[in-house]
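Structure first, then comments.
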Amino acid sequence: MTHMTRVRATALPFCALSAATLFIGLAAPAASAHTSHPSHSSHTDHTPTPRIPFTQARITATATPGTYKITWKAPGVRHVTIKAGARTVAHGGSTGELTVTGLAAGVDRQWFDLVPDHGRGLHLADRLVKLDGAVNFRDAGGYRTTDGHWVKMGKVYRSDALDKLTAADLAKLKRLGIGTDYDLRTTSERAAAPDKVPAGTSYVVANVLGDDSPVFQLPTSEAGAAEMMVQGEKAMVSSDSAEAAYRTVMAGIVDGGGDLFHCTAGKDRTGWANAALLTALGVPRATVMADYLASNDYRAEANAATLAAMPPEQAKVYKPMLDVRAEYLNSGFDEIKKTFGSFNAYEAKALHLDAQDIARLKRDLLV
């Protein structure tokens with residue numbers, strides 16, 4: 001039986017190493033939002049599309065199987081109905097935070113419909129897709145844009161390495177409909193840990209760092225390690241190999257088809273790919289940053305295990321290379337301003353996306 005927990009509406013806060021090794025997790029162990037579907041008529045009319053009243057919404061699976069935390073804000077709405085499939089599992093007001101328990105455990109993804117008393121609803125799931133062989137496989141969507149649209153979920157995914165996926169993982173990804181896997185790693189990374197992908201999934205190499213990167217001295221201080229990450233982030237914006245790689249990924253997403261991009265840790269090369277995609281879709285910088293920094297949470301256990309195996313002084317130097325930090329992502333956007341002048345110019349000059357491509361991206365990925 002499904003149990004419902006209702007909460008009264010309240011305001012919620014809401015050695016030497018090559019450059020090619022900078023963004024691979026450094027041997028760390030592996031560890032959207034659609035709108036609710038209204039009825040469709042058989043003819044086309046010019047009735048304005050109802051707006052989505054939600055300004056915030058999120059689904060989070062808890063440690064207890066079949067239990068989910070749901071939060072939302074929908075100013076001007078009096079009543080929100082929460083559905084899991086065809087069943088109503090909870091109700092709330094314009095702002096809510098509640099826990100739904102007793103749902104089926106072991107499903108690939110538990111989807112919820114947040115249905116307001118007026119306007120369009122949202123179709124959401126937990127952003128993290130739980131796999132046995134990856135810890136940072138998640139949906140790229142589920143975010144609101146500055147103009148009130150939402151990035152669809154279930155369309156584009158981001159991940160860490162895929163070499164440890166189990167048969168059950170591959171079956172799950174097959175059911176998710178992953179059409180193309182973009183591997184952002186170097187040749188040596190791919191050779192050491194080849195991807196496992198579902199049958200029928202296309203595999204595309206998009207090597208961000210290239211294979212002829214210069215060699216840097218291993219940092220001897222925390223500050224030195226952080227600075228190396230900053231410089232690496234800049235290279236992901238303006239180096240020839242990075243421009244070519246991200247151009248390949250973005251062109252594929254424009255063409256559509258259940259896309260996935262990943263590197264080794266799923267945090268730096270992958271983090272920039274998703275930051276660029278979300279920014280192109282109109283997601284505000286603060287939200288883009290939150291998505292980027294979420295790798296610290298998803299990789300926390302794996303990173304902690306890596307650091308625990310090191311002498312304390314070495315771990316202090318190593319930690320900045322396992323982290324994602326705001327200064328890293330900001331340095332990428334600073335590099336765009338310095339090299340291209342604006343993000344729009346970066347889209348055009350580096351990613352080769354024209355106005356028609358951006359319009360298609362938004363048409364396919366936003367509601």
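Points worth noting:
- Shape category assigned to segment 95-200 from the gyration tensor of Cα positions, a/c cut at 1.5: prolate
- Shape of segment 231-272, Cα gyration tensor, a/c cut at 1.5: oblate
- For Ser221, solvent-accessible area (1.4 Å; no DNA, RNA or ligand), Å²: 50
- The chain: translational diffusion in µm²/s, Stokes-Einstein, Kirkwood Rh over Cα pairs, 25 °C, 0.890 mPa s: 114
- Each of Ala134, Thr64, Leu281 was placed along the dipole of the chain (beta-carbon charges, centred on the mean Cα), and the one lying farthest toward the positive end is Thr64.
- Rounded to the nearest 20, the Cβ-based charge dipole of the chain about its Cα centre (Lys and Arg +1, Asp and Glu -1) stands at 1400 debye.
- Here the peptides 124-135, 303-314 are ranked by packing, the mean other Cβ count within 10 Å, and the order with the highest first is 124-135, 303-314.
- For segment 220-367, lysine pairs separated by 8 or more sequence positions, or belonging to different chains, with Cα-Cα distances below 30 Å total 20.
- Global form of segment 160-262, assessed from the alpha-carbon gyration tensor, a/c cut-off 1.5: prolate
- FRET efficiency for Asp255 and Arg285, using Cβ-Cβ distance with R0 set to 30 Å, rounded to 0.05: 0.65
- Note on exposure: Asp259, Asp211, Asp113 ranked by accessible area (1.4 Å probe, complete protein assembly) read Asp211, Asp113, Asp259, with the most exposed listed first.
- Taking each DSSP H run with n ≥ 4 as -39500 (n - 2.57) and averaging over every residue of the chain yields -10500 deg cm²/dmol at 222 nm.
- Spin-label model, His79/Lys338: points 7 Å from Cα along the beta carbon direction are separated by 5.7 nm.
- Spin-label model, Arg58 to Glu227: label points 7 Å out along the Cα-to-beta-carbon direction sit 3.5 nm apart.
- For segment 40-145, radius of gyration divided by Kirkwood radius, i.e. Rg to Rh on alpha-carbons: 1.01
The values are calculated or read from the model by the stated rules, or taken from the named source; none is laboratory data. Note that the structure is predicted; figures quoted are calculated from it, not measured. Positions of Cβ are generated from backbone atoms using ideal geometry, with glycine treated the same way; all protein chains shown enter the neighbour counts. The accessibility values were calculated without ligands, DNA or RNA, using every heavy atom of the protein model including side chains. Shrake-Rupley method; radii C 1.70, N 1.55, O 1.52, S 1.80 Å.
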